[in-house]
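The next block holds one structure in the form of structure tokens; read it before the comments.
Each value in this text was obtained by applying a stated rule to the coordinates, not by laboratory testing. Treat the numbers as computed from the prediction; the structure is a model and nothing was measured. No Cβ is skipped: glycine too gets one built from the backbone with ideal geometry, and neighbour counts run over all protein chains shown.
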Amino acid sequence: MLIRETAEAVGLKVPASKYRENMENHCMDGKNKRIPKHMTEYGDKA
């Protein structure tokens, strides 16, 4: 994970990039419409 993140930070696309987290689906910070509103309201409180 650290090697992939380091490579992406300098602008490289490595094969392991396909396993990168999709922050659209994060329970507090995500913007996916399927995330319940009561969960996204905790984003600024956590």
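Given points 7 Å out from each Cα along the Cα-Cβ axis, report the TYR42 to HIS26 separation in nanometres with one decimal.
Between TYR42 and HIS26, the label points sit 1.5 nm apart.
Going by C-beta contacts inside 10 Å, put ILE3, ILE35 in order with the fewest on the left.
Ranking ILE3, ILE35 by Cβ neighbours within 10 Å, fewest first, gives ILE3, ILE35.
Label-point separation (nm) for TYR19 and LEU2, each offset 7 Å from Cα along Cα-to-Cβ?
A separation of 1.5 nm, rounded to one decimal place.
So for GLU24, GLU8, fewest C-beta neighbours within 10 Å to most, what's the order? Don't skip to the answer; put the middle values down first.
Numbers: GLU24 11, GLU8 14.
Result, fewest neighbours first: GLU24, GLU8.
Trypsin sites (Lys or Arg not before Pro), restricted to the chain: which are DSSP loop and have at most 12 other Cβ atoms within 10 Å? The partial results should precede the final answer.
Details: sites: ARG4, LYS13, LYS18, ARG20, LYS31, LYS33, ARG34, LYS37, LYS45; in loops: LYS13, ARG20, LYS31, LYS33, ARG34, LYS45.
Answer in residue order: LYS13, ARG20, LYS31, LYS33, ARG34, LYS45.
Let a ≥ b ≥ c be the square roots of the eigenvalues of the Cα gyration tensor of the chain; is it rounded (a/c under 1.5), or, if not, prolate (a/b larger than b/c) or oblate? Working shown, then result.
Details: a/c = 3.95, a/b = 2.49, b/c = 1.58.
Judged from the Cα gyration tensor, the chain comes out prolate (a/c at least 1.5, a/b above b/c).
When we measure straight from the Cα of LYS37, which aspartates and glutamates land under 19 angstrom away, once same-chain ones fewer than 8 places off are left out?
The qualifying aspartates and glutamates are GLU24, ASP29.
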